[in-house]
Structures are given as structure tokens and as C-alpha cells.
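Below is one structure. I have some questions about it.
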Amino acid sequence: MSSNILNQFLSENLEDLKDKGLYNEIDPLESANGPIIKINGKELINLSSNNYLGLATNDTLRTIAKEAIDKYGVGAGAVRTINGTLQIHVELEETLAKFKHTEAAIAYQSGFNCNMAAISAVMDKNDAILSDELNHASIIDGCRLSKAKIIRFNHSDMDDLRAKAKEATESGQYNKVMVITDGVFSMDGDIAKLPEIVKIAEEFDLITYVDDAHGSGVLGKGAGTVKHFGLSDKVDFQIGTLSKAIGVVGGYVAGKQQLIDWLKVRSRPFLFSTSVTPADAAASKKAIEMLMESTALNEKLWENSEYLKAGLKKLGFNIGESETPITPCIIGDEVKTQEFSKKLNEAGVYAKSIVFPTVPRGTGRVRNMPSAAHTKEMLDQALTIYETVGKELEII
Ligand code: PMP
């Protein structure tokens, strides 16, 4: 027998979400998550995935993953600190440290998990965290888990950050103060002002924490936002995910050896949850090696994103102020945004609508994620569809 209270809670709340149009319908893919995807038997140009470099379907990585399964099996068999650290996990961490130009690195099961692990391993109730108001949900949850005082600063507002850093450090209330930011903000595609953040951090002795989920593989010729600004030795925590540009799954912290040593003994998902599979670790390692060897995919990503951005702008869409391949088409009204996305889908383009509460009210948008795997023909076809649907809905 199931609980009546639970049944009532679920029914009421699910109903409420559906009434408000906020219930997230999921479309399962009948294909790989490449530049063309298949949903409900229909092929669509995919402008929705984080597979920036097309590596999720790369043939070399498929082979490497299969070889790792043959050598190590399908699972790690235990948590890392018991005997689930396979040689391939160690090699992945060594490769990550090289990629990020740091002394060491530690791998986690996901980017989300990594933020839950790393923040609370270092910060506690006697500390404070200065957090950009647009930081990713996993950063917010990681901060909450730490029980530190969370002080939000206005998005990329360096005067606000400075004032709050001064107040927090001079109050004498906190043992440690951390500043934490996304490297690239995923809804608008803008880049954190890291040189200014690092300067403020130096002035007030703040711990610096940059989650570069959307910058790695993209900025700094692939090495990420911190490298893009030449700040590799000035950021304490370089966080990344292996699930976006790298194309696989997993998360990591790169930093000083002592920091990584501490995370290995104190971060709970490392201690109490089994690590990524051998296939994931091997494919991630190889993908990073490929990025370090050649910038060709990174260049193709930028070429494609400039092309798509120019095309959408020429058609008259508001594409915001993105500095990265993330290309929003800002529609504004939530209902119209959802209708636009639906009609794009019917016409052959899969680009998801993003509305309140993920973005502020009145800034609904369809977010486009071009990749290195798209061809010019695919992008031209997408632009033609954008033009037709945009005119039909009187957006352009
Ligand atoms: N941090 C940021 C900034 C992200 O955008 C994301 C992905 N949505 C994550 C962390 C979570 O990464 P993962 O999907 O690897 O858990």
C-alpha cells in the first residue's frame, strides 16, 4: 500500500505544473546524439546538445571505449578508496592535470556530483561563499550542502563582488571566503570576468572556484576559460565536466597537489560512490589527448557558430550578447517561445525553448548549440527553417 499523503502531494503538484505549462516533456532519441537526431521516427537537425565537438559519436572514442571494456570490464567494482581505482582512472587524472596545466586532478562521476563534492570538502558553516547569481544549479546545491553563508553577487558585477568581498572579509565573521563562478554562463553564452575576479580574490585573499563546464573544449583553443585568460596558476579550483565538449560523462577538479590530496580523503562522492566506468574513463582520456594534439575540432566549432550567429542575426533575430558558441534566439514571451520551438521542431529543427524559471520572466528563448559536427548544409537548412517559422510567428 502506498502512502495517501504522498499520492496527494504528487497528484496536486504534477497537476499544478501541467496547468502552468511547466511540466517538462521528454523526447527520447532513437539515434545517437549527433548533429542529426531521430525522434518519433523523424530526423531533425539537432541544435540542442552540449556535444560541442561531436566527440560523443567519434569513431576513435567508440573503439577506445570498447577496448577498455575488454580489458577492465563494464564497471569499476568498488568506490575509489576501496579498490575501485583502476589504472585508467589514474591515467585520466594525469591527463586532466596536463590539459588544465595544474599539478594534479581528481575525477568524479559527473560535473554535478563534482560541485557537490568539492565545495563541501573545503567550506563549512564558519565560512562564506560569494556566488554569481546566475551560477549553475549544481554550484548552488554544492554551496548549500557546505552550510557556508551564501552571499550572491549581481551577475558579473565586479563592483558588487568587490563590495561584498570587502564586507565579508572585514566582518571577521568567517574563517574562509570563496568566490565561485561559472566560466561560461550557459543561458546567455557570456564569459565570466575572470581577470577582475582573480584581482579581487588576490586583494581579499579569497579562494577562487571556476566551473568551466561550457568553456572547456571551447575557449582557450580548447583548454578552457581559465587558460583563455592565462590564469592557470591563479585559480584554486578548476572544475570541468567530461559530458559536454569531451562527449562522455564525468566531472573533475584540477588544481594544486595538496588540494587534490585533500579532496581524495574528504570529498564524499569520491569516498562513497563508485567511479565512472572503465569505458567512460578511457574515452574521456583519449578525447582530451585529441584536444591537446589538435585544435581542428575547436576551430570548426567556432567557424560553425560564427556562421549560424551571422545567419540568424541577418534574418533579424535577437541573439543577445553571447561570446561563445551558445546562441540564444531571444523571443521574450514564454508562450510564444514555446510555440516557436514547437514549430521549429515540426519543420525539422530540434532547438529547445528555455523559459522562466530557468531564465528571468520575459526573456524566453530558443537556445541553439552549434557543434563541430554540423555541416554548412545542415546549418543552411536550419536557417531556412528559422526564416520560415520566424516570419510565420511574426518574430522577424
Ligand atoms: N556545471 C555547469 C556550469 C553546467 O552547465 C553543468 C551541466 N548542465 C554541470 C555543472 C553538470 O555537469 P554534468 O552534466 O556533467 O553533471
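The values are calculated or read from the model by the stated rules, or taken from the named source; none is laboratory data. This structure is a prediction, so every number in the text was calculated from the model and none was measured. Every residue, glycine among them, receives a Cβ derived from its backbone with ideal geometry; neighbour counts consider all protein chains shown.
If Arg365 passes every condition in (1) farther than 20 Å from Ile39 by Cβ; (2) surrounded by fewer than 20 Cβ atoms within 10 Å (Cβ to Cβ) but one, which one does it miss?
All conditions are met except number (2).
While we're looking at this one, here's another question. Take Leu308 and tell me if it is part of a helix (DSSP H, G or I), assigned by the TED database to the domain that holds Ala382 and either charged (D, E, K, R) or in contact (Cβ under 8 Å) with a residue 24 or more places away in the chain (or both).
Spelling it out, Leu308 is indeed part of a helix (DSSP H, G or I), assigned by the TED database to the domain that holds Ala382 and either charged (D, E, K, R) or in contact (Cβ under 8 Å) with a residue 24 or more places away in the chain (or both).
Same structure again: Scan region 357-370 and give yes if some residue there is part of a helix (DSSP H, G or I) and within 25 Å of Asn298 (Cα to Cα), otherwise no.
no
Identify the residue in region 168-188 that is assigned to a strand (DSSP E or B) and within 15 Å of the ligand (Cβ to nearest atom) and, among all such residues, is farthest from Ser146 (Cα to Cα).
Val184
Which of the residues that make up region 110-127 are within 16 Å of the ligand (Cβ to nearest atom) and surrounded by 22 or more Cβ atoms within 10 Å (Cβ to Cβ)?
Gly111, Cys114, Asn115, Met116, Ala117, Ala118, Ile119
Taking helices (runs of 4 or more DSSP H) that do not extend beyond region 192-274, which have at least 3 residues that are in contact (Cβ under 8 Å) with a residue 60 or more places away in the chain?
By residue number, 257-266, 268-272.
Can you name the residue in region 215-231 that is within 14 Å of the chain's Cα centre (by Cα) and of a type in the set (Gly, Ala, Ser) and, of all such residues, is nearest to Asn135 (Cα to Cα)?
Gly215
Of everything in region 371-394, what is surrounded by fewer than 21 Cβ atoms within 10 Å (Cβ to Cβ), out of contact with any Pro (no Cβ under 8 Å at 6 or more places or on another chain), part of a loop (DSSP other than H, G, I, E, B) and not acidic (Asp, Glu)? Give them in sequence order.
Within region 371-394, Leu393 is the sole residue that qualifies.
From the list Leu134, Leu86, Leu96, which one is more than 15 Å from the ligand (Cβ to nearest atom) and in contact (Cβ under 8 Å) with a residue 12 or more places away in the chain?
The conditions single out Leu86.
Here is a follow-up. So which pairs qualify, if the first residue must be in region 347-369 and over 14 Å from Leu312 (Cα atoms), the second must be in a loop (DSSP other than H, G, I, E, B) and of a type in the set (Val, Ile, Thr), the Cβ gap must be under 6 Å, and the two must be at least 6 apart or on different chains?
Note: pairs meeting the criteria are Gly364/Val355.
Given the structure, is Ile151 within 16 Å of the ligand (Cβ to nearest atom), free of Cβ contacts under 8 Å to residues at least 24 places away in the same chain and surrounded by 15 or more Cβ atoms within 10 Å (Cβ to Cβ)?
In short, no.
Give me a count of the residues in region 155-190 that are surrounded by fewer than 21 Cβ atoms within 10 Å (Cβ to Cβ) and either among the aromatic types (Phe, Trp, Tyr) or over 20 Å from the mean Cα position of the chain (by Cα) (or both).
Total satisfying the criteria: 16.
Only residues that are within 16 Å of the ligand (Cβ to nearest atom) and either modelled with pLDDT under 95 or among the small types (Gly, Ala, Ser) (or both): list them for region 189-202, please.
Gly189, Ala192
Another question about this same structure. Given the criterion near the ligand (Cβ under 10 Å from one of its atoms) and of a type in the set (A, V, I, L, M), identify the matching residue among Val248, Val235.
The conditions single out Val248.
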